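**Student:** Once you've had a glance at the structure underneath, I'll fire off some questions.
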Amino acid sequence: MTSKLLKSLFVAAGAVAVIATGGAFAAGGSSDYKMEHKHWHFNGPFGTYDKAAAQRGYQVYREVCSSCHQLKFLSFRHLGDKGAPFHMEDYPNPNDNPYVKNFAADWTIQDIDSDTGDVIDRPGITADNFPPIYANDAAARASNGGALPPELSVIVKARTGGADYVYNLLTAYDAHKPDDVELTPGLYYNPVMEGGKIAMAAPLSEGIIEYAPTTDAEGNEIAAPEATVEQMAADVTEFLAWSADPKMEQRKGTGIMTMVYLFLLSILLWFSYKRVWRHVEH
Ligand code: HEC
């Protein structure tokens, strides 16, 4: 009876271990490509987003990815929220943040003229959501050889392997294609994809953008590194990790404060226990 129980416990533990380690990275084509595990700034219980990297990542998204991929669940003002890449201490209300206002104005939003009812184009404001790139899914497929570019704001949560998956997807294009993968026109070899095929041409190439300097929360400028493929892939992944979990920093902060509180409470309880029972033999 007990051995049976132990056995099933072992099996369960084994299954958990497989899911937690190898299983998570089982995706991949038929090549011997090995997923690169990066050390992300946001991993771990004290991890925070690297704001400068996420700011550059927004630039990569805007200048490269946004011609095909929407950020459906974000509005412009989210970029300036606490914990967000462009949060500035001088602008606790992101609607006043000059960066956020400029980014919003840089997009064209389709709206309805309230007087005439006509469809009009106007510059974005901070309260707007990131607009759709295509009129509908059929139009998106028509422009991409039949494939649908997924919306990216939650892609880091939506794919097994998370940030490592997205980073590797963007950097693995040059990996050697095995002979048994046949590509039809419009398909590209990428060992991170199931079957090794993807309908997205390598979006990043050396020097495709020139990084603008970034700023910290106090408004000081930080020089940008060179825009290599790895750098751009890491930066856009940092940005997409933030967009998939914008409240992470607040959540971790609350967790730490709860631990501190419980620690102090246990000390207090220990001393009150000692005091309450001090005259009792035990
Ligand atoms: C020219 C259009 C185009 C551009 C630009 C583009 N993509 Fe894509 N992307 C696609 C299409 C189409 C797909 C769907 C591919 C498929 O289903 O095979 C896709 C798929 C993806 C996927 C999902 C892969 C999966 O696991 O299903 C990710 C992640 C992604 N793109 C990220 C990016 C990032 C990040 C950028 C910018 C650096 C970018 N893309 C730029 C067209 C594009």
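The values are calculated or read from the model by the stated rules, or taken from the named source; none is laboratory data. Model, not experiment: these values are computed from the prediction. Every residue, glycine among them, receives a Cβ derived from its backbone with ideal geometry; neighbour counts consider all protein chains shown. Only protein heavy atoms, including side chains, enter the accessible area calculation; ligands, DNA and RNA are left aside. Shrake-Rupley method; radii C 1.70, N 1.55, O 1.52, S 1.80 Å.
**Student:** Could you tell me the ratio Rg/Rh of segment 224-264? Both radii from Cα atoms, Rh via Kirkwood.
**Tutor:** Answer for segment 224-264: 1.29.
**Student:** Can you run phi through the Karplus equation (6.51, -1.76, 1.60; θ = phi - 60°) for segment 185-191 and list ³J(HN,Hα) in whole Hz, with x for Gly and Pro?
**Tutor:** Couplings: x, x, 10, 10, 7, 8, x Hz.
**Student:** Measure out, as a whole number of angstrom, how far apart the alpha-carbon centroids of segment 225-267 and segment 26-102 sit.
**Tutor:** 11
**Student:** Mind telling me which of PHE263, PHE130, PHE73 comes out most flexible in a GNM of the chain, alpha-carbon contacts under 10 Å?
**Tutor:** Checking each option, the largest mean-square fluctuation is seen for PHE263.
**Student:** Take the Cα of THR184, step 7 Å along the line toward its Cβ, and report every residue of segment 192-218 whose backbone nitrogen sits under 20 Å from that point.
**Tutor:** Of the residues in segment 192-218, 193-202 have backbone N under 20 Å from the label point off THR184.
**Student:** Same structure again: Less than 28 Å apart at the alpha-carbon level, and either on another chain or at least 8 residues along: which lysines does that give for LYS197?
**Tutor:** Candidates past the 8-residue exclusion: LYS34, LYS38, LYS72, LYS157, LYS177.
**Student:** Between rounded, prolate and oblate, where does segment 128-260 land on the alpha carbon gyration tensor, with a ≥ b ≥ c its root eigenvalues, rounded for a/c under 1.5, else prolate if a/b exceeds b/c?
**Tutor:** Prolate.
**Student:** Note the angle between two axes, namely the Cα long axis of helix 51-63 and the longest principal axis of the Cα atoms of the chain, as a number of degrees from 0 to 90, rounded to the nearest 10.
**Tutor:** Once rounded, the angle reads 30 degrees.
**Student:** Once you place label points 7 Å from the Cα toward the Cβ at HIS39 and GLU63, how far apart are they in nm?
**Tutor:** According to this spin-label approximation, the distance is 2.8 nm.
**Student:** Please list the non-local residues whose amide H lies under 5 Å from the amide H of THR214, H modeled 1.01 Å from N, same-chain partners needing a gap of 5 or more.
**Tutor:** ILE222, ALA224
**Student:** Let me ask something else about it. So, taking all protein chains as they sit and a 1.4 Å probe, how much accessible area belongs to ARG251, in Å² rounded to tens?
**Tutor:** Estimated to the nearest 10 Å², ARG251 gives 130 Å².
**Student:** Could you grab the relative contact order for segment 187-229? Cα pairs under 8 Å, six or more apart, rounded to a whole percent.
**Tutor:** 31
**Student:** What translational diffusion coefficient, to the nearest whole µm²/s, does the chain have by Stokes-Einstein, given a Kirkwood radius computed over alpha-carbon pairs, a temperature of 37 °C and 0.692 mPa s viscosity?
**Tutor:** Result for D is 148 µm²/s.
**Student:** Right, something else. Would you compute, from DSSP H runs of 4+ residues alone, the mean residue ellipticity of the chain at 222 nm, taking -39500 (n - 2.57) per run and dividing by the full residue count, rounded to the nearest 500?
**Tutor:** About -12000 deg cm²/dmol.
**Student:** Let's test the formula: R0 of 25 Å, r as the Cβ-Cβ distance of LYS247 and ILE125. What FRET efficiency results, to the nearest 0.05?
**Tutor:** 0.60
**Student:** Quick one: Karplus J couplings for segment 240-246, per residue in order, coefficients 6.51, -1.76, 1.60, θ = phi - 60°, nearest Hz, x for Gly and Pro?
**Tutor:** Once rounded to whole Hz, the list reads 6, 5, 5, 5, 7, 8, x.
**Student:** With axes computed from alpha carbons, what is the tilt in degrees of helix 248-276 against the longest principal axis of the chain, rounded to the nearest 10 within 0 to 90?
**Tutor:** 10
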